[in-house]
Amino acid sequence: MRGVPTHMWMGVLLVAAVLLVGADAGSGVRSAHGYRDGPPPAYTGGFGEPTCQACHTGNDLNVTGGELRVSGVPDGYRPGDTYLITVLLQSSGMAAAGFQATLRFDGSVRSGEQAGTIVHLDPRTHVTQGEPGGVQYIHHLRPGTTPTTEKLASWSFEWTAPEEPLPVILHITANSANGDDSPLGDLIYTLFQRIAVSGP
């Protein structure tokens with residue numbers, strides 16, 4: 001307004017900025033600092049979900065220079081058996097890392113529903129349920145963002161196969177972060193693996 005000193009306008013703008021930041025913090029909105037305490041559910045890239053690229057931009061998906069692998073996943077599962085699954089992310093320039101994975105029924109009347117049960121094994125990971133009785137998402141927590149070695153990050157969990165003898169699909173997305181606490185320049189990798197039923 002005409003006649004209002006410039007320093008008063010600056011004070012009003014500063015208060016507005018502080019209130020805006022406070023509102024974002026109170027509403028749970030994440031800043032450019034990322035998701036070191038764990039990503040929101042449903043970012044595995046499977047069944048129409050986005051991947052970590054929804055927040056981490058600047059590179060193509062699955063670029064050369066890194067690799068996402070998984071061990072312990074059977075070609076065919078026995079209903080009710082428990083398997084130790086390990087996710088391995090290898091990439092140069094990895095200052096921090098994270099992942100999210102889920103196992104769901106595939107190609108049946110229950111397609112997209114939770115298949116079996118996922119259990120985290122240490123404080124580096126946690127299981128979040130998308131909704132009560134819904135899909136389970138295993139993901140990193142803050143202690144799990146530290147790479148295992150200079151170029152490798154890994155996380156392990158247990159999966160107890162479902163009693164229903166139906167095909168299952170594993171979806172994983174992982175982030176090799178450059179550590180600058182911004183959404184730019186990180187490398188996002190995805191993987192999926194179908195699991196058949198081997199026997200009763």
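Given a 1.4 angstrom probe, what's the average accessible area per residue across segment 78-200, in square angstrom? Let's see the in-between values first.
Numbers: 5290 Å² over 123 residues.
Accessible area per residue, segment 78-200: 43 Å².
May I ask you to derive the FRET efficiency for PHE192 and ASP122 from their Cβ-Cβ distance with R0 = 25 Å, giving the value to the nearest 0.05? Show your work: numbers first, answer last.
Working: r = 25 Å, r/R0 = 0.99.
Here the calculated transfer efficiency is 0.50.
Stick to the Cα atoms of segment 56-115, pair each with every other, and give me the Kirkwood hydrodynamic radius in Å at one decimal.
On the way: mean 1/r = 0.0688 Å⁻¹.
After inverting the pairwise mean of 1/r, the radius is 14.5 Å.
I'd like the accessible area for THR102: 1.4 Å probe, protein heavy atoms, all chains in place, Å² to the nearest 10.
0 Å²
Heavy-atom accessible area of ASP180 with all protein chains present, probe 1.4 Å, nearest 10 Å²?
In the full protein context, ASP180 sits at about 80 Å².
Would you mind getting me the FRET efficiency between THR146 and THR64? Use the beta-carbon distance for r and R0 = 30 Å, nearest 0.05. It would help to have the intermediate numbers written out before the result.
Numbers: r = 25 Å, r/R0 = 0.82.
That pair, THR146 with THR64, gives E of 0.75.
Roughly how large, in nm² to one decimal, is the mean projection of the convex hull of the alpha-carbon atoms in segment 119-195? Mind dumping the intermediate values first?
On the way: hull surface 26.3 nm².
Answer in nm², one decimal: 6.6.
Leaving ligands, DNA and RNA out of it, work out the accessible area of THR64 with a 1.4 Å probe and give it in Å² to the nearest 10.
140 Å²
Extending each Cα 7 Å along its Cβ direction at ASP180 and ARG78, get the distance between those two points in nm, one decimal.
That separation, rounded to one decimal, is 5.1 nm.
Suppose accessible area is computed on protein heavy atoms with a 1.4 Å probe; arrange GLU113, GLU150 from highest to lowest.
Details: GLU113 80, GLU150 145 Å².
Order by accessible area, largest first: GLU150, GLU113.
The values are calculated or read from the model by the stated rules, or taken from the named source; none is laboratory data. These figures come from a predicted structure and were not determined experimentally. Every residue, glycine as well, gets a Cβ built from its backbone with ideal geometry; the counts of neighbours run over all protein chains shown. What goes into the accessible areas is simple: the full protein's heavy atoms, side chains included, and nothing from ligands, DNA or RNA. Shrake-Rupley method; radii C 1.70, N 1.55, O 1.52, S 1.80 Å.
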